[in-house]
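**Q** So that we are looking at the same thing, I have put the structure below in C-alpha cells.
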Amino acid sequence: MKKILVIDDEINFAQMIKINLEATQKYEVDTANNAMEGYEKIKINTYDVIFLDVLMPKIEGHVALGEIKKLCNTPVVVISAYMAPQQKSTIIRLGAFACLEKPIDLQTIEAAISAIAEQA
C-alpha cells in the first residue's frame, strides 16, 4: 500500500483526496493543513508521494518544497489553482516531480502516482 501526504490549506480539498484515494484501498493518505504540519509528519513518517499546494499562508509551496527536499527524497507533486509558466519551471527546477493545476480529478492524481512509481 502506497503512503501519501497531502499538504494543502484547503482542508476540504485535502480530505477529498484522502477519502477518494483511500476508497481504492491502494493508498494510505495523511493530510497536513500547512507546511509546518507537513514537515512534522515527514520527520516521523515515510511517504511514497507528497502533494504540495503552492499558495498557503505563512510558508508558500516553493519555499516548503525546498525544505521538504532537505528532509527526504520523496517525490513531490506541486498543485495550485494557478501557476504561470515561469512559476512552473522554477518549481520543477527546485525539485518537484510535476506541477498540476486545480481543479484536479482523481484520475490525474492517480496518473501522477503511477508515473512516480514507474520511475522508482
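**Q** Could you work out the relative contact order of the stretch 2-119? I mean the mean sequence separation of Cα pairs under 8 Å and 6+ apart, divided by the number of residues, in percent.
**A** Dividing the mean separation by the residue count of the stretch 2-119 yields 22 percent.
**Q** Starting from the amide H of residue 7, placed 1.01 Å from N in the peptide plane, find each other amide H under 5 Å away whose residue is 5 or more places distant or on another chain.
**A** Excluding prolines and chain starts, which carry no amide H, the hits are 32, 51, 52, 53.
**Q** Which of 23, 64, 98 ends up with the largest GNM mean-square fluctuation for the chain, with Cα atoms connected below 10 Å?
**A** 23
**Q** Going down the table (43/102; 26/58; 26/88; 3/102; 26/70; 2/58), which pairs top 25 Å between alpha carbons?
**A** Violating the 25 Å Cα-Cα cut-off are 43/102; 26/58; 26/88; 26/70; 2/58.
**Q** Okay, moving on. Tell me the label-point distance for the pair residue 117, residue 23, using the 7 Å Cα-to-Cβ offset, in nm and rounded to one decimal.
**A** 1.9
**Q** While we're looking at this one, here's another question. How many angstrom separate the Cα center of the stretch 90-115 from the Cα center of the stretch 25-88?
**A** 11
**Q** Taking the inverse of the average 1/r across all pairs of different Cα atoms in the chain, what Kirkwood radius in Å do you get?
**A** Across the chain, the inverse of the average 1/r is 14.0 Å.
**Q** Here is a follow-up. Using a Cα-Cα cut-off of under 17 Å, which aspartates and glutamates could be cross-linked to residue 18, ignoring same-chain neighbours fewer than 8 residues away?
**A** 8, 9, 10, 28, 30, 37, 48, 53, 105, 110
**Q** Please identify every one of the chymotrypsin sites (Phe, Trp or Tyr not before Pro) in the stretch 28-111 that sits in a loop by DSSP and has no more than 11 other beta carbons within 10 Å of its own beta carbon.
**A** 82
**Q** Under a GNM of the chain (C-alpha, springs under 10 Å), which listed residue has the highest mean-square fluctuation: 108, 90, 24?
**A** Highest fluctuation of the listed residues: 24.
**Q** Once every DSSP H run of n ≥ 4 in the chain is given -39500 (n - 2.57) and the sum is divided by its residues, what mean residue ellipticity at 222 nm do you get, rounded to the nearest 500 deg cm²/dmol?
**A** -14500 deg cm²/dmol
**Q** Kindly provide the trypsin sites (Lys or Arg not before Pro) of the stretch 1-49 that DSSP labels as loop, not H, G, I, E or B, and whose Cβ sees at most 14 other Cβ atoms within 10 Å.
**A** 26
Every number here is computed from the coordinates shown, using simple stated rules; none is lab data. Keep in mind that this is a model prediction, so the values were computed, not measured. Note that we place each Cβ from the backbone using ideal geometry, even for glycine, and neighbour counts take in every protein chain shown.
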